[in-house]
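Reading through the structure tokens given below for one structure.
The values are calculated or read from the model by the stated rules, or taken from the named source; none is laboratory data. This is a predicted model, so every value here is computed, not measured. Glycine also receives a Cβ, built like all others from the backbone with ideal geometry; neighbour counts cover every protein chain displayed. Each accessible area value is taken on the protein alone, full model and side chains, heavy atoms only, with ligands, DNA and RNA left out. Shrake-Rupley method; radii C 1.70, N 1.55, O 1.52, S 1.80 Å.
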Amino acid sequence: MTNTVSQLKQQLPIERLSLDVLFALRLLFDKKQDISNLEQDIADLQHFPERISDSYRAEWEAYVRREIIGYLRQNSHTAASDLLDKILSDVDYITQNDCRYRTMLDIIEQTQRIMASQKTRIFPTPWRQQITSLMLPAIVDNRNRFPKDK
């Protein structure tokens with residue numbers, strides 16, 4: 001990694017962005033043939049709401065950071081104010097006019113409300129259920145055989 005890229009990474013406080021702004025930037029830089037399918041990721045929140053905090057935010061931060069660095073490199077001869085105006089204009093357009101953004105943001109916001117609710121319980125994923133069913137009998141049996149001294 002070049003020194004310039006390292007400096008840019010330190011200068012881009014992406015973790016300070018609210019989730020709606022981060023998502024707008026993620027959508028702005030989305031590519032059709034990308035390794036990650038953003039629509040599928042959002043649809044998966046219905047079954048795996050914990051992903052919004054466990055993985056998606058970090059993935060989106062890394063993605064946006066990488067794309068902004070690439071954008072700055074490609075446009076290194078453009079005035080900084082013009083680059084900023086372009087991104088601000090594009091994000092404003094997305095937040096005001098893009099129905100994909102609005103639809104997916106509604107799902108994200110609903111997922112955040114579910115995750116924040118004290119009355120909501122997340123069902124374990126299949127792999128978590130399998131590991132629990134594997135380990136729980138051994139843990140309980142071991143505790144019965146060797147109770148802690150009081």
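General remarks:
- At an R0 of 22 angstrom, the distance between the Cβ atoms of PHE48 and ARG100 translates into a FRET efficiency of 0.60.
- Area accessible to solvent at SER53, 1.4 Å probe radius, in Å²: 80
- The distance between label points at ASP92 and GLN118 comes to 4.2 nm (points 7 Å beyond Cα on the Cα→Cβ vector).
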